[in-house]
Amino acid sequence: MAAFHVAWSASFNDGFEVASIKLSANQNAVPGVAGMPPIPSGPISTLSLSHATLHGLLMRAYGVRYSSVTGPSRMDSTYYDVVAKVPPGAGRQQVQDMLQKLLVERFAMRVGWETTLVSGWALVTGPAPLKLKKTDLPVDPADLEPDGAPNRYLSLSRHDRMRTITMKGSSMQGLVNAVWSEVGEPVEDLTGLKGAFDITLEGETDSPEDIMVGMSAASVKECQRGYGLDLVRQKVQIKTLRVDSANRTPKPN
């Protein structure tokens, strides 16, 4: 386990020009946190996130998966509305930095990263030549950070036992996120490849009637070999954002 440390460093040190975090008037539960929109890649003037759990807000602020955030159970049962005025010129990465700062301050949170070694899969370059297609989409460099946010262009289709995931403008971390979701086990990017690519994942599922059941690891592995990549079973390093403490009610604006 790696050393515990404060998980926040903002590029725009003063944060948002004005920001409000309030308990939502509607505290009725909604399934999961996937309904909350991602932070846009382009410049925005106002960040607005409604009826979001603290767990969901942390996912957006740090660009991580649901399972990569741990903390008090109330992070999933209390809902908040966030509205913040963004300084001119701030891109998505800066907005994420400022949201991190805002959450830590308003909820008086103690947070930090932990790195653990677990059984999983490593995405690596294989012996065959690479056949990755670089995207022709305009891509914000913030989308390509090692701990980057989910892909901006992603679609899923199914036909009988086959699942097809189409990603445009995806970093290797974006591909890892998709593979992790499909195989249901941790995946680490060890390719060392930078840039944005158009990638299609296609494989069989054992439960075609259930949209939540992903492709088999064997199918994903075979698909990756078509790109000159490979999935290797091994111990992998996984980063987790740990919330030691957080107030339920945020500090006044």
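Assorted remarks:
- Residue that is surrounded by the most Cβ atoms within 10 Å (Cβ to Cβ) [pool: residues in segment 184-241 that are without any contact (Cβ under 8 Å) to a residue 60 or more places away in the chain and within 30 Å of residue 112 (Cβ to Cβ)]: 184
- Within segment 56-72, tally of residues that are over 15 Å from residue 100 (Cα atoms), at pLDDT 90 or above and either out of contact with any helix residue (DSSP H, G or I) (no Cβ under 8 Å at 6 or more places or on another chain) or loosely packed, with under 13 Cβ neighbours inside 10 Å (or both): 2
- Meets criteria (modelled with pLDDT under 95, more than 22 Å from the chain's Cα centre (by Cα), under 25 Å from residue 40 (Cβ atoms) and assigned to a loop (DSSP other than H, G, I, E, B)) for residue 253: yes
- Where residue 53 falls short, out of the listed (1) surrounded by 19 or more Cβ atoms within 10 Å (Cβ to Cβ); (2) at pLDDT below 90: (2)
- Tally, over segment 76-102, of residues that are touching a Gly at 6+ places or on another chain (Cβ under 8 Å) and assigned to a helix (DSSP H, G or I): 5
- Qualifying positions in segment 146-161 - surrounded by 12 or more Cβ atoms within 10 Å (Cβ to Cβ), modelled with pLDDT of 55 or more and not in a strand (DSSP E or B): 161
- Restricting attention to segment 195-215, the residues being of a type in the set (S, T, N, Q) and at pLDDT 90 or above number 1.
- Conditions (1) at positive phi; (2) at pLDDT below 90; (3) part of a loop (DSSP other than H, G, I, E, B); number of the one not met by residue 192: (2)
- Boolean, residue 118 is in contact with a strand residue (DSSP E or B) (Cβ under 8 Å, 6 or more places away or on another chain), modelled with pLDDT of 90 or more and within 23 Å of residue 223 (Cα to Cα): no
The values are calculated or read from the model by the stated rules, or taken from the named source; none is laboratory data. On a predicted model such as this, the values are computed, not experimentally measured, just so you know. Every residue, glycine as well, gets a Cβ built from its backbone with ideal geometry; the counts of neighbours run over all protein chains shown.
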